[in-house]
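To start, the structure itself, in structure tokens.
Please treat every number below as a calculation from the coordinates, not as lab data. The structure presented is a predicted model; accordingly, all values stated were derived computationally and were not measured. Here the Cβ positions follow ideal geometry from the backbone for every residue, glycine too, while neighbour counts run over all protein chains shown.
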Amino acid sequence: MTSGIEKNDATRFMFSGPVGILLFNLALPIYASTLFWVAYTLTDIYWISRIDPENPAIVGGVSLIIPIYMLAFALSNGLLIGVKSLVARAVGANNEELLSSVASAGLALASAAAAAFLLFGYIFSDEITRYLGATGDLFEYAHTFLLYILPATALLFTFNVLSGIAQGEGQMKYVMHAMGLGVGLNMLLDPLLIIWLDYGVLGAALATCLSQAISFMYLVWVFMRGNLRVPLHMNILTARAETIAKILDIGLPQGLAEILVALYLLAVNWIVVGIDPSAMTSFGLCARVDQVLLLSIAAISSAVLTAVAQNAGRGNLERIGKITNAAVVAGGILVLAQAILLVAISPWVYGMLSDVEVVVDYAVSQTKIVNIFYAFAVPTLVFHSVFLAIGHPWPAIKIQFTKMFAITLPIMIVLIHVFDLEMYGVWSDIVAGEISAAILGFIWYSVYRKRLEKGDLKIDLA
């Protein structure tokens with residue numbers, strides 16, 4: 001029997017037909033959603049900076065608390081991926097019993113995580129703020145922002161459970177609508193609460209909480225209307241332990257991967273700061289501009305996870321191979337084209353973002369050396385999504401760990417402190433890390449694919 005999910009425009013080619021159209025339909029809403037997220041971060045920091053342009057402690061204090069929010073984001077994203085992979089495989093397998101238990105299980109996990117974050121955050125708010133380095137005026141602004149942003153961290157967990165269900169079904173448009181609604185509301189609330197009502201950093205936190213609450217309520221409304229196949233059972237006391245375990249089988253490794261990436265970036269930032277403060281400024285600017293490339297890769301890998309997981313649920317190995325190959329080729333071409341464009345316009349872009357010549361020189365040099373090689377990140381993250389989709393996440397996490405902590409960081413330290421290559425050592429090592437991860441991912445994916453074809457390895461069919 002043909003399910004409603006197969007009739008949806010975005011998923012009508014899920015199990016047969018043109019793979020390219022399928023990936024495009026799934027990736028585009030996710031790309032738009034991530035752009036909304038970038039718009040939110042830029043809007044927030046702009047209005048916060050307008051509270052008192054002559055007082056750097058305001059932006060500095062808020063920035064100190066961002067790691068707490070990003071920790072919640074990383075862990076909740078692990079939960080999202082766990083729910084998404086499970087739902088997609090259950091959809092492919094037409095496992096209605098499992099689908100009916102996902103929402104309560106996911107929300108039970110989200111509630112526990114949110115409660116832990118709120119409890120720990122409020123009890124140890126002073127200690128957390130000081131540990132992050134806040135003193136004097138910085139402490140005042142950072143502590144205030146922490147107290148009022150904590151509810152938003154709780155909302156992240158619950159929102160991402162519902163988002164994971166929608167994405168697992170292939171209904172990415174509802175996530176895009178929710179993100180767009182929340183960001184649009186935040187853009188309206190920021191100037192109102194921060195500037196006009198003079199709530200300062202408290203206003204920024206309230207705007208974030210309110211906009212995220214509206215996004216969550218929109219997704220609840222989508223479920224209530226019956227637009228999704230998974231029923232919304234919100235009674236967490238009825239959550240099945242077996243379903244919770246299946247979500248954690250994917251969610252915990254992915255959450256660990258998110259935390260490892262955050263630790264890796266902190267380590268790289270520490271290394272770059274030690275080279276030259278201007279280099280750190282340019283490194284930060286490049287990180288923002290390079291989002292154009294990284295968001296494309298994230299959208300493609302997200303589409304792959306849904307498509308591969310649903311076909312994994314059907315046991316359709318041939319279709320999985322076609323989806324993976326198409327994503328690697330199309331994604332690589334897209335990212336390469338974007339990278340070439342960024343290289344061409346980099347002097348103009350960074351000249352607009354900074355008046356400091358050495359900062360612009362660093363940024364342009366990094367763009368010319370590194371950006372082309374981000375094309376190698378496409379297969380790495382596509383293979384990462386495939387492993388998550390078939391219910392075998394650990395190869396993806398091992399590849400990430402090897403790339404960051406066994407290859408990139410040790411070699412970076414040697415290139416800088418032994419060969420005195422400074423930023424050229426950092427850039428060269430980032431390139432080496434991307435290439436090595438792609439090669440390692442391809443080898444591991446090939447091994448797993450052959451094992452699946454021979455029957456030596458089983459897909460968790462949910």
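In the chain, taking the dipole from charged Cβ atoms about the Cα centre, the farthest positive-side position among ILE195, VAL292, ALA93 is held by ALA93.
With θ taken as phi - 60° and the Karplus curve 6.51 cos²θ - 1.76 cosθ + 1.60 applied, the whole-hertz 3J(HN,Hα) list for segment 271-286 is 5, 5, 4, x, 7, 5, x, 5, 5, 5, 4, 5, 4, x, 5, 4 Hz, x standing for glycine and proline. The three principal axes of the C-alpha atoms in segment 52-105 carry coordinate ranges of 59, 18, 15 Å, sorted with the longest axis first.
3J(HN,Hα) along segment 358-373: 5, 5, 4, 4, 4, 5, 5, 4, 4, 4, 5, 7, 9, 4, 4, 7 Hz, from the Karplus curve 6.51 cos²θ - 1.76 cosθ + 1.60 with θ = phi - 60°, whole Hz, x for Gly and Pro. With the simple spin-label model, which puts each label point 7 Å out from Cα in the Cβ direction, the LYS368 to LEU71 separation comes to 4.1 nm. Annotation: lysines with alpha-carbon distance below 16 angstrom to LYS450 (same-chain offsets under eight excluded): LYS322, LYS458.
Spread over its residues, the convex hull of the C-alpha atoms of segment 107-158 is 58 Å³ per residue. Taking every Cα-Cα distance in segment 1-127 and sorting them into 10 Å bins from zero, the calculated P(r) comes out as 10, 25, 29, 20, 12, 4, 0 percent. Relative to the current alpha-carbon distance between THR402 and ILE236, full extension at 0.36 nm per residue lengthens the span by 56.0 nm. When we measure straight from the Cα of LYS173, which lysines land under 19 angstrom away, once same-chain ones fewer than 8 places off are left out? Output for LYS173: LYS7, LYS84.
Averaging 1/r over every pair of different alpha carbons in segment 301-356 and inverting the result gives a Kirkwood radius of 13.7 Å.
Between SER33, VAL222, SER49, the Cα set farthest toward the positive side of the dipole of the chain (charges on each charged residue's Cβ, about the Cα centre) is that of VAL222.
Available extension along the chain between VAL356 and ILE195 is 55.0 nm, counting 0.36 nm per residue and deducting the alpha carbon span. Using only side-chain charges placed at the Cβ, +1 for Lys and Arg and -1 for Asp and Glu, the dipole size of the chain relative to its Cα centre rounds to 2000 debye. Rounded to the nearest whole Hz, the Karplus-based 3J(HN,Hα) values (6.51 cos²θ - 1.76 cosθ + 1.60, θ = phi - 60°) of segment 171-180 follow the sequence 9, 5, 4, 5, 5, 4, 4, 5, 5, x, with x at glycine and proline.
Would you calculate the convex hull of the Cα atoms in segment 22-239 and tell me its volume per residue in Å³?
Each residue corresponds to 111 Å³ of Cα convex hull volume.
Given Cα positions, please report Rg to Rh for segment 323-424, the hydrodynamic radius being the Kirkwood one.
Details: Rg = 17.0 Å, Rh = 15.9 Å.
Over the Cα atoms of segment 323-424, Rg/Rh equals 1.07.
Toward the positive end of the charge dipole of segment 22-239, with +1 on the Cβ of Lys and Arg and -1 on the Cβ of Asp and Glu, the farthest Cα among TYR141, SER211, GLY170 is that of GLY170. Enclosing the Cα atoms of segment 257-462 in their convex hull gives a volume equal to 103 cubic angstrom per residue. Labels on offer are (1) 35, 29, 20; (2) 61, 25, 22; (3) 40, 27, 21, and the one holding semi-axes √(5λ) of the Cα gyration tensor in Å computed from this structure is (1).
Entry note, the chain: relative contact order of 21 percent, from Cα contacts under 8 Å with a spacing of 6+ residues. Sequence-distant contacts, meaning Cα pairs under 8 Å at least 6 residues apart, place the relative contact order of segment 22-239 at 33 percent. Full extension of the chain segment joining SER446 with LEU265 gains 62.3 nm, where the gain is 0.36 nm per residue of separation less the Cα-Cα distance. With a simple spin-label model that places each label point 7 Å from the Cα along the Cα-to-Cβ direction, the separation between TRP37 and PHE120 comes to 2.1 nm.
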